[in-house]
1. Here is a check on your reading of the model: is Ala114 within 14 Å of the chain's Cα centre (by Cα), surrounded by 20 or more Cβ atoms within 10 Å (Cβ to Cβ) and either modelled with pLDDT of 95 or more or farther than 18 Å from Phe54 by Cβ (or both)?
2. Criterion first (within 14 Å of the chain's Cα centre (by Cα) and in a strand (DSSP E or B)) does Arg148 satisfy it?
3. Any residue in the stretch 72-84 that's over 17 Å from Phe49 (Cα atoms) and without any contact (Cβ under 8 Å) to a residue 60 or more places away in the chain: show its pairings with residues that are surrounded by 15 or more Cβ atoms within 10 Å (Cβ to Cβ) and β-branched (Val, Ile, Thr) at Cβ separation under 6 Å, as long as the two are six or more apart or on different chains.
4. Go through the stretch 67-81 and count every residue that is out of contact with any Ser or Thr (no Cβ under 7 Å at 6 or more places or on another chain) and either closer than 11 Å to Asn112 by Cβ or surrounded by 14 or more Cβ atoms within 10 Å (Cβ to Cβ) (or both).
5. Just one of (1) modelled with pLDDT of 50 or more; (2) of a type outside the set (A, V, I, L, M, F, W, C); (3) under 15 Å from the mean Cα position of the chain (by Cα); (4) at negative phi trips up Tyr83, so point out which.
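The values are calculated or read from the model by the stated rules, or taken from the named source; none is laboratory data. Since we're looking at a predicted model, the values are computed, not measured. FYI the Cβ positions are ideal-geometry reconstructions off the backbone, even for glycines, and counts take in every protein chain you see.
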Amino acid sequence: MPRHRPARRTVLGSLLAIAAGPVVGLAANAAGSGAANMRIRCAFNRHSFTAMLFDSPPARDFVSSLPLELTIEDYSTNEKIVYLPRKLTEDGSALFAGEAPGDICYYAPWGNLAFFHGSYRYSKGLIRLGRLEDGIQPLLTRGKYPLRIELLS
């Protein structure tokens, strides 16, 4: 009796669906309930930008600490970082895909936010919290500055 082999299209389609799963989950998470109330404004050195946070336990924990007056500074060539006054919950964090400039992440081992303005790769302990809404241009200003982060209503 001949063995049935699935068509190449069926196999490729299944693999693409599996690979897209985490990205689809992130998109749904960003548009999920409560996300509309999780927009923040960040201001430093005459720059102001907004971001939409995903509806996740770490993002909600971060929002509960706002407003904050902190310091933003360059780290490497692809990000600016901000040290938070306390560590955030890591509940619900998981491996993610689709890393891109404009992502805002929490780096749990150091307790800091990372605002990515260049390419980066997921690493253990990195939790994506949200995305900039208006592009990365303000993050390209080099230096160390006072930063205010507040929740938009």
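1. yes
2. no
3. Filtered contacts from the stretch 72-84: Tyr75/Ile81.
4. Keep residues of the stretch 67-81 that are out of contact with any Ser or Thr (no Cβ under 7 Å at 6 or more places or on another chain), which gives 67-77, 79-81.
Checking the rest, the ones that are also either closer than 11 Å to Asn112 by Cβ or surrounded by 14 or more Cβ atoms within 10 Å (Cβ to Cβ) (or both) come to 68, 70-75, 79-81.
Of the residues in that region, 10 qualify.
5. (3)
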